[in-house]
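Input: a single structure, listed below in structure tokens.
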Amino acid sequence: MKGRIAALVMALLLVLYLGLVFQRAILFIGSGVAVGIVIGIALLVLPIVGAWALYRELLFGFRTQKLVGILRQTDDLPVDDLPKRPSGRPFRAEADEEFEVYRAEVESAPESWKAWFRLGLAYDASGDRKRARSALRQAIAFYRAEPNAA
């Protein structure tokens, strides 16, 4: 719950920031000076890009949270029993061992969103955030492609 609140607070701060940048962009464009107009147009593009990035990240978060809930309800969520460092991150060697189990699961059921989701969690435990997000996106895509997905 702390993570969700922190994400919403950051999203609200970003919206405030984007609003202020948008206001400054209008002022620059209204100055009538060529350099000011160019800066104003550039500042108009930034809030659009920022809003798009915020939307994509929040959507990703909500969708992964939904899939975690489904896995928790069906008791398919992996048990996090890896030994951990004081920081809370699992030891790499143990995480890599467990990773092989989930990779084999994806190889045996390549269109299973549950297998892809668990693989994403294993990538995350192994410290590979880029592949973790990619696997979670794949899980979301397979889940959304199911006929009974809501």
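Sort out which residues of the range 100-115 are touching an Asp or Glu at 6+ places or on another chain (Cβ under 9 Å) and in a helix (DSSP H, G or I), and write them in order of number.
Restricting attention to the range 100-115, the residues satisfying the condition of being touching an Asp or Glu at 6+ places or on another chain (Cβ under 9 Å) are 112-115.
Result: TRP113, LYS114, ALA115.
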Looking across the range 29-62 at residues that are within 30 Å of LEU119 (Cβ to Cβ) and exposed (fewer than 11 other Cβ atoms within 10 Å of the Cβ), the single one that is farthest from the chain's Cα centre (by Cα) is TRP52
For the range 11-29, check the following and say yes or no: at least one residue is free of Cβ contacts under 8 Å to residues at least 24 places away in the same chain, polar (S, T, N, Q) and not assigned by TED's automatic domain parsing to the domain that holds GLU97. yes
Conditions (1) in contact with a Gly (Cβ under 9 Å, 6 or more places away or on another chain); (2) within 30 Å of LEU14 (Cβ to Cβ): number failed by ARG92: (2)
Close pairs from the range 54-81: first within 17 Å of VAL9 (Cα to Cα), partner surrounded by 11 or more Cβ atoms within 10 Å (Cβ to Cβ) and among the acidic types (Asp, Glu), Cβ under 8 Å, at least 6 apart: none
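Going by the conditions given, is GLU97 at pLDDT below 90, more than 22 Å from the chain's Cα centre (by Cα), in a helix (DSSP H, G or I) and outside the structural domain of VAL15 (by TED's automatic domain parsing)? Walk me through how you get there before you give the answer.
Details: at pLDDT below 90: yes; more than 22 Å from the chain's Cα centre (by Cα): yes; in a helix (DSSP H, G or I): yes; outside the structural domain of VAL15 (by TED's automatic domain parsing): yes.
Yes.
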Does the range 72-86 hold any residues that are surrounded by 10 or more Cβ atoms within 10 Å (Cβ to Cβ) and modelled with pLDDT of 85 or more, and which are they? ARG72
I'd like the full set of residues that are in contact (Cβ under 8 Å) with a residue 24 or more places away in the chain, of a type in the set (D, E, K, R) and within 17 Å of GLU98 (Cβ to Cβ), limited to the range 116-150. ARG118
Just one of (1) under 30 Å from ALA132 (Cβ atoms); (2) surrounded by 14 or more Cβ atoms within 10 Å (Cβ to Cβ); (3) modelled with pLDDT of 90 or more; (4) not aromatic (Phe, Trp, Tyr) trips up GLN65, so point out which. (2)
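The values are calculated or read from the model by the stated rules, or taken from the named source; none is laboratory data. Keep in mind that this is a model prediction, so the values were computed, not measured. No Cβ is skipped: glycine too gets one built from the backbone with ideal geometry, and neighbour counts run over all protein chains shown.
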